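Have a look at the structure below, then the notes.
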Amino acid sequence: MYKQTTMQSFNPAGMTRRHFLNHLAAGSVTTLGAMQFLGQLRTHAAEVQKNRKACILVWLGGGAPTIDMWDLKPESKNGGEFKPISTAGDLQISEHLPKIAQQMGSLSVVRSMSTREADHDRGTYYMHTSYVPNATVVHPTFGSVVSYELGKSRPDLEIPAFISIGGGSMSPGFLGMTNAPFVVDSQGRIQNAEMAGMDQQRLGQRLQILGAIEEGFIQSNRGDVGQAHRDVYQKAVNLMKSDQMEAFRVNREGPEVRTAYGDTPFGNSLIMARRLVETGVPFVEVRNPNGWDLHQNVFTTLRQTNLPMLDNGISGLVADLKDRGMFDDTVVVCMGEFGRTPRINANVGRDHWAASWSVLIGGGGLRGGIAVGETDNDGLTITSETYLPGDLWATVAHALRIPLSTVHTSTRGRPMKIANGGNPIKSLLT
């Protein structure tokens, strides 16, 4: 049976004392049944509070050359200039990721990702939602799914449950704007900087005017857009007024912490992600500012800029999460929309390649130190079981304790399985 997430679904976490007494008054439960029901409520509430799981997605937009990072082919003409090095796990990675190599006992690489979407927009959509683009429906990005499923069980969270740092993520689709990514830059500045810097009197006046306009729009019965817009703005106001806004202030961290992450905009973004998770945000996406669409000079770009920044940032994040006792509750995923061609082109670059590539994943209680799946000696063909985006997000959902039986309903009434019905990657489960 699927867990149908509709308004009629039983929700013990949302059951109030008045609701419960109404059940008693209506004679719907016996005294013994009431005691049992109360016990179930307490047990469920305790489980909800214990689930402080979170996911940090590090997005390498443009399509990173994973053959030069996580699945090197030194004996092939496709192997390029980099050599593999041993790690703290049972796998090798690029020599230009030495700090991540020290953390690989806690991280794993899925080397047999495969899709048919080698276009940037389609690949980005697919990897974020688990669904290929469809003209009849906009599927929610997985951050919105996590926001919907876990955000509502965290009443102490005053800021949005899905934060995107360094750029926007994908759409919340039919889950609504309440679960859309709240976008900030690497310094924690929100997009509407004018409102953020406004004094309380002017802010109150503007919000009062905005409220009157929105109320009129809502009362005109033009659908859910008005209420959704109000909800989003209310979250923005809560963010500006909340003490939890401290989570965005990376400058409060000591210099040793910022140095450990590389002291770059990307490193600061990852520090902010950790601070947000620490505050209770269940999903944070961090956009790497470096370009990964490397059709030319791939090795120079990786060696001089992209890999050193990634090495400092990811290793710093993993070490910091461990030191704070957060790593077992926080899944870290590092990927782009596809990989790049094993063959090196005439411009010493690599082109788009979705047939065989890799994703880095760890934390959240998942198994570390292993390579899952494999490609042939030239990196062209997967020689093991292949995995789709839905399998990857099903693995994350499992780690976050989101039931894989969950089904959402689109605006047209179509049932949509979480992670498109994908299966968790068994080798990563402990």
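Every number here is computed from the coordinates shown, using simple stated rules; none is lab data. What you see is a predicted model, and the numbers here were worked out from it, not measured in a lab. Quick reminder, even Gly has a Cβ in these numbers, built from the backbone with ideal geometry, and neighbours come from all protein chains shown.
Quick notes on this structure:
- The separation of region 347-412 from region 289-340, counted between C-alpha centres, amounts to 16 Å.
- For peptides 177-184, 114-121, 62-69, 144-151, sequence by mean Cβ density within 10 Å, most packed first: 62-69, 144-151, 177-184, 114-121
- With a Förster radius of 51 Å applied to the C-beta separation of Ser76 and Asn423, the computed FRET efficiency comes to 0.95.
- The label-point distance for Thr409 and Arg249, in a model that sets each label 7 Å from Cα toward Cβ, rounds to 4.4 nm.
- Gyration tensor verdict on region 90-142 (Cα atoms; rounded if a/c is under 1.5, prolate if a/b is larger than b/c, oblate otherwise): prolate
- Estimated FRET transfer efficiency when R0 is 51 angstrom, pair Asp156-Glu95 (beta carbons, to 0.05): 0.70
- Taking the fewest neighbouring Cβ atoms within 10 Å as the starting point, the ordered list for Arg340, Arg367, Arg414 is Arg414, Arg367, Arg340.
- Distribution of pairwise C-alpha distances over region 277-350, 5 Å bins, in %: 3, 13, 20, 21, 15, 11, 9, 6, 3, 0
- Region 77-105 versus region 140-169: alpha-carbon centroid distance in Å: 33 Å
- Between Thr383 and Glu256, the distance separating the two model label sites (each 7 Å from Cα on the Cα→Cβ line) works out to 4.7 nm.
- Placing R0 at 22 angstrom, the Cβ-Cβ distance between Gln102 and Arg324 gives a FRET efficiency of 0.75 after rounding to 0.05.
- Each residue, Val132 and Asn345, gets one label point 7 Å from its Cα in the Cβ direction; the gap between the two is 2.4 nm.
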